[in-house]
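Presented below is the structure to which this report refers.
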Amino acid sequence: MTAPTDAEQRPNVARMYDYYLGGCHNFAADRAAAEQILRIFPDTGIAAQANRHFLRRAVRHAAELGVRQFLDIGAGLPTQGGVHEIVRQVAPDSAVVYVDYDEVAVAHARRLLPVDRRITVVRGDLRRPDELLARPEVRAVLDFDRPVAVLLVAVLHFVTDAEQPWDAVARLREATVPGSPLVVSHLTLDGAPPLPVQQGQAVYRRSSAPLLPRPHAEVLRFLDGYDLVEPGLVRVADWRPDGEPQERVSHGYAGMGLRR
């Protein structure tokens, strides 16, 4: 037995999310912080499942539109139905790049993913899109002369306004060709009581990233330059339900746009 590393002792948002989903790729610190959140918002696990169901629907829809390349930024741990597993049910020849800035999440992901030249995991930062896009591992898997679906699912609410998330998303848009999808889900304060929200944010400030919920108008700005896919930017559970079990708890907004 070895002593926990600093990274293992500090709650990690990717591993907390894995815990909400019922996964086992998490440490004691992650479970303790997640349990604090569950005491404040008991339906967080249900909301996490709703977000995961949205990811599945959005990825399948992009594949049905003919997209065969996926850039999943802020991917965390590719467990509980990773993008490569979802998309290859529709298009077995698809390529997927998983990106996360947390070294522990990346190391876990590399152990979990199959050996496949069309699947890779990269340590990169949404806040530095030019560095990410220039990475040779990304360019080896994705051809930006063809449509690439950029997935920003439950990640933008960990980027502060001062870190210019709208500029980062615009840079990702500029790097893709017309017809490339952008998939977004984002936590919101809309309709939430202020005190529990403040308590939840205090827990996340002690984790690997702060939590910044945003209202509908600010989330919609991330889709500037895209044509929204119906039904637009809506509550997570309401985006194109397709008959799979629907968790009706939505703590955020979700949508897809196609680059003009």
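FYI, it's all coordinate maths here, none of it is from the lab. This structure is a prediction, so every number in the text was calculated from the model and none was measured. We place every Cβ from the backbone using ideal geometry, glycine too, and count neighbours over all the protein chains shown.
For region 6-259, a/c is less than 1.5, where a ≥ b ≥ c are the root eigenvalues of the C-alpha gyration tensor. That puts it in the rounded class.
Under a model in which nothing but the beta-carbon of Lys, Arg (+1) and Asp, Glu (-1) is charged, region 150-260 shows a dipole of about 220 debye around its Cα centre. The distance between label points at Asp167 and Arg205 comes to 2.5 nm (points 7 Å beyond Cα on the Cα→Cβ vector). Between Arg260 and Arg240, the contour length at 0.36 nm per residue exceeds the alpha carbon distance by 5.1 nm.
Basic side chains Lys and Arg get +1 at the Cβ, acidic Asp and Glu get -1 at the Cβ, and with that the dipole of the chain about its Cα centre reaches some 200 debye. Note on Cys24 and Arg117: with the Förster distance fixed at 22 Å, the Cβ-Cβ geometry gives a FRET efficiency of about 0.20.
Taken along the Cα-to-beta-carbon direction at a fixed 7 Å, the label points for Glu35 and Val197 span 2.8 nm.
Taking a ≥ b ≥ c as the square roots of the eigenvalues of the Cα gyration tensor, region 120-250 is oblate, since a/c reaches 1.5 or more and a/b is not larger than b/c. If the segment from Arg146 to Arg221 were pulled out straight at 0.36 nm per residue, it would be longer than the present Cα-Cα gap by 24.6 nm.
Other residues lying with their Cβ under 14 Å from the Cβ of Ile37 contribute a combined charge of +1, Lys and Arg counting +1, Asp and Glu -1. Oblate is the label for region 1-126, because a/c, from the alpha-carbon gyration tensor with a ≥ b ≥ c as root eigenvalues, is 1.5 or above and a/b does not exceed b/c.
A straight line joining the Cα centroids of region 160-190 and region 71-147 runs 17 Å.
Model label points for Asp190 and Val177, set 7 angstrom from Cα along the Cα-to-Cβ axis, are 3.4 nm apart.
A cut-off under 11 angstrom between Cβ atoms defines the neighbours of Gly252, and their net charge, with Lys, Arg +1 and Asp, Glu -1, is +1. When you count the other C-beta atoms within 10 angstrom of each residue and take the mean per peptide, 208-216, 251-259, 35-43, 62-70 line up highest first as 251-259, 62-70, 208-216, 35-43. Counting Lys and Arg as +1 and Asp and Glu as -1 over every other residue whose Cβ lies under 12 Å from the Cβ of Leu212, the net charge comes to -1.
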